[in-house]
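What follows draws every value from the coordinates through simple rules; no lab data is involved. This structure is a prediction, so every number in the text was calculated from the model and none was measured. Here the Cβ positions follow ideal geometry from the backbone for every residue, glycine too, while neighbour counts run over all protein chains shown.
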Amino acid sequence: MHTFDQAWLYETVRRQELETVLPDESHINRVALGAATDPHGQLLARAQASAYATTVRIDQKAVRQSMRLAVAVLWFVSLLAGASLGLTTLGDGRGAVNVVWTLGALLLPATVMLLAWLVLMFGAASSGGLLGRCWALLVGWLLGKTGRAKTWQAWLASTAQAGSQRWWLAFISHTMWLWLMLGVLLSLLLAFSLRHYTFVWETTWLSESVFESAAQAVGYFPGLLGFSTPESQIIRDSGNAALTDPVSRKAWASWLVGAVLVFGFIPRLVLSALSFYMARTRERGWRISLVDAYAISLLAKLALLQRGQRTDGAAGAPDQVARLIGLPQDQAQAKAAWLALETEVPQSIRQAFNQASIEIPAADDRHARQEASARLQMLRPRHLLIMVDTRQTPDRGALRLLVRYGSQAHQTGVLMLHTDSGRARTAQWQGRLEEIGVADIFVDQQIAIQWLLGEPHD
């Protein structure tokens, strides 16, 4: 999960827990302690474990879908608005197209809004853009007053704290203008392909040289991309009457399309990419606060729990590990679950499990261990079977994982694999497992499977 997504999850859980207290907070706190050693990581891991136990993850996914749906709707509307603007501005082709009025109608609103955004964006009260705010209002309307609205409010709060909110709203605004300009371009290309247009410019006071200079200035940058600019004679002649020859018509059409592309489409494309980059950059460098009342309270609870579960004994007992204490029977939910601890599961065992047992993904790295803890905390199985490789040493790290996983199940059994190997440390594993309180230790695979599935065995 992306770091900011974890922070968003944390903010959602924080808001939820300020209103209601979780009934099984101790198990979530143990997951947090086992997942990370630093306060920041522990708070994020605790929020993730809490999210698995509630509907926060589902709500977060629904909010993300609503955000995408809202932006897709606005992009589609922008595309249609741009296409309508382009076709309406050109007209039906019966009269000459005034290039000055047409260019102004197509570019002036977007340019004014762009300049306003540049002026206001870096102000203290910047909102990121009017269209971005429209998107935020639409998302809020889609979510209504449901519990998912709180997840949406948590996103707004998290992005505001990270300094990325106005950049995300700017990204929405610029992409909406981008789709609008794309609609304009597509409509121009379609209209110029299917209709006969002539072009003219008109003035009462200004001289021909003014329009000639302006047309050439506007066409300079599009010309670098291959778009043509009408020659000086064509520009002067177009001021008196619309020219009907193909060369003049194609030159003006190319000039108009190039101007919309360079001065309308490309700036929004660049600013969309910049806004996206800035939003991601702000989120990557942001960390949740550790000094607010909620975080301080949680860290105090975690520190107290850690002292109570400290596994490092006094001098002379460096390998002491806390004993396994399972869940009360009335708190168990799922029937059976199993996982492999840093070992491959033999195919014969995998085939023997039926649908009544749930496989927990292999816990072979820190992230996988965190996911396994969160999954077990949500499932709370009555029977949990953990498979270990007896060719490995039963070190404190492995035993701590066994205790952590077993604390989230009613009964925990351990199946020792590869006991027939010459490198097997079966007796050592047997002794250490008994030390931490594992009552059900198996060597026979069939008996272990029968125990897990609740079947009688000899």
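Some points to look at:
- Residues that are over 30 Å from Thr54 (Cα atoms) number at least 3 in the following helices (runs of 4 or more DSSP H) confined to segment 348-458: 426-435, 445-452.
- Selection count where residues are among the hydrophobic types (A, V, I, L, M, F, W, C) and more than 19 Å from the chain's Cα centre (by Cα), scope segment 44-62: 1
- Test: residue in segment 131-147 that is within 30 Å of Phe263 (Cβ to Cβ), surrounded by 24 or more Cβ atoms within 10 Å (Cβ to Cβ) and of a type outside the set (Lys, Arg): yes
- Test: residue in segment 419-430 that is touching a Leu at 6+ places or on another chain (Cβ under 7 Å) and over 11 Å from Leu324 (Cβ atoms): no
- Verdict on Leu108 being more than 34 Å from the chain's Cα centre (by Cα), more than 18 Å from Arg166 (Cα to Cα) and assigned to a helix (DSSP H, G or I): yes
- Some residue of segment 202-216 being crowded, with 22+ Cβ neighbours inside 10 Å and over 21 Å from Val112 (Cβ atoms): yes
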